[in-house]
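Scroll down for the structure; my scribbles are underneath it.
Only the coordinates and a few stated rules stand behind these numbers; no lab work does. Given the structure is predicted, the values throughout are model-derived calculations rather than measurements. Here the Cβ positions follow ideal geometry from the backbone for every residue, glycine too, while neighbour counts run over all protein chains shown.
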Amino acid sequence: MPVATQDTSCPLIFTGTCYISFYILILKNDPMPMIMRILLIIHVVLGGVGLVAFWVPIFSRKGGPAHRLFGKVYKACAYTVFATAGLAVLLRAGWYLAEGHTLATRPEAFGFLLFLGYLALVTFVVVRHGVLVLQHKQDPRELGTPLSTWLARSAIAASAVVVAYAVLVSPTNKIILYALSPIGMLTGIGILRYISKPPQTPRAWMYEHLGSMIGGGIAFHTAFAVFGSTRLFDIGLDGWIGVIPWIAPAAIGIPGTILWTRHYRRKFGELA
């Protein structure tokens with residue numbers, strides 16, 4: 001067993017090394033303050049590690065050693081990515097304001113920061129929920145703590161803020177804000193519904209865990225599709241085609257989650 005764990009960790013080491021090298025090359029001539037460089041490197045490296053760690057539980061035996069180990073790695077990466085993204089967004093926004101920029105002069109830039117903060121928040125909320133579900137399998141109502149309720153409502157509120165920004169400020173990238181704004185609302189409503197009543201089936205916790213962790217994976221893949229792939233492979237996507245990396249992970253992941261959940265419901269005889 002220790003040998004298997006060591007072998008499966010190699011992709012994580014390789015990915016982390018590649019991301020570190022790549023972003024050091026990119027950031028060496030970037031004028032941003034050092035603290036923001038450090039946050040960005042941490043964010044990108046652990047985002048890459050989390051991206052790889054996400055797939056190990058998908059293909060490994062459910063509940064087995066690899067599933068548990070890399071599930072913990074994925075959770076740690078998701079939490080760190082949320083923290084670094086939130087801090088980086090605040091610092092970048094402060095930098096813009098210090099340089100005299102406003103929503104009127106740089107609506108796209110501020111909209112971009114708003115979306116990044118929104119994506120990070122929703123990722124944290126859904127992954128945290130997916131982890132806690134395993135600790136309260138028998139009665140989901142035990143999850144209804146003030147913090148969990150507040151976080152679910154914050155995801156809903158964040159969706160509303162994203163839509164409001166797109167409507168009132170109307171940046172050129174508003175189509176992206178519109179397209180992905182429902183994710184936070186659906187996440188928050190789904191969590192509130194789950195923690196408000198007894199389990200509907202014996203394995204309701206499993207389906208909730210599955211959907212939540214894949215939801216976090218969609219956010220990881222969205223970030224990679226938008227920032228990582230286009231820069232690593234020097235892909236320039238203009239016009240409406242440029243929207244594809246933003247929405248493709250959700251367009252694939254959400255139906256995939258539904259189909260996979262139906263597969264397990266049918267397997268365990270819990271398909272209504």
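Around GLN200, under 15 Å between beta carbons, what's the net of Lys plus Arg minus Asp minus Glu among the other residues?
In short, +4.
Hey, what's the per residue convex hull volume over the C-alpha atoms of segment 25-116, in cubic angstrom?
It comes to 107 Å³ per residue, whole-number rounded.
Take the alpha-carbon positions of segment 78-149, form their convex hull, and give its projected area averaged over all directions (one quarter of the hull surface) in nm².
5.7
Percent of alpha carbon pairs in segment 39-168 separated by more than 27 Å?
32
What FRET efficiency do you get for GLU108 and ALA157 if R0 is 30 Å and r is their Cβ-Cβ distance, rounded to the nearest 0.05?
Efficiency at R0 = 30 Å is approximately 0.85.
Could you compute the net charge surrounding ALA78? Neighbours are other residues with a C-beta less than 13 Å from the C-beta of ALA78; K and R count +1, D and E count -1.
Neighbour charge sum, excluding ALA78 itself: +3.
Using only the Cα atoms of segment 102-189, what do you get for the radius of gyration and for Dmax, in Å?
Expressed in Å, the Cα Rg and Dmax of segment 102-189 come to 15.1, 53.
So what's the net charge close to VAL161: Lys and Arg +1, Asp and Glu -1, counting the other residues with Cβ under 14 Å from its Cβ?
So the environment of VAL161 carries a net charge of +2.
Under a point-charge model restricted to the Cβ atoms of Lys and Arg (+1) and Asp and Glu (-1), what is the dipole moment magnitude of segment 80-155 relative to its Cα centre, in debye to the nearest 20?
120
Would you kindly derive the ³J(HN,Hα) couplings of segment 206-214 from the backbone phi angles with the Karplus curve 6.51 cos²θ - 1.76 cosθ + 1.60 (θ = phi - 60°), listing them in order in whole Hz, with x for Gly and Pro?
Calculated HN-Hα couplings, in order: 5, 5, 5, 4, 4, x, 5, 5, 5 Hz.
How do ILE218, ILE252, ILE189, ILE195 line up, fewest other C-beta atoms within 10 Å first?
By the 10 Å Cβ count, ascending, the order reads ILE252, ILE189, ILE195, ILE218.
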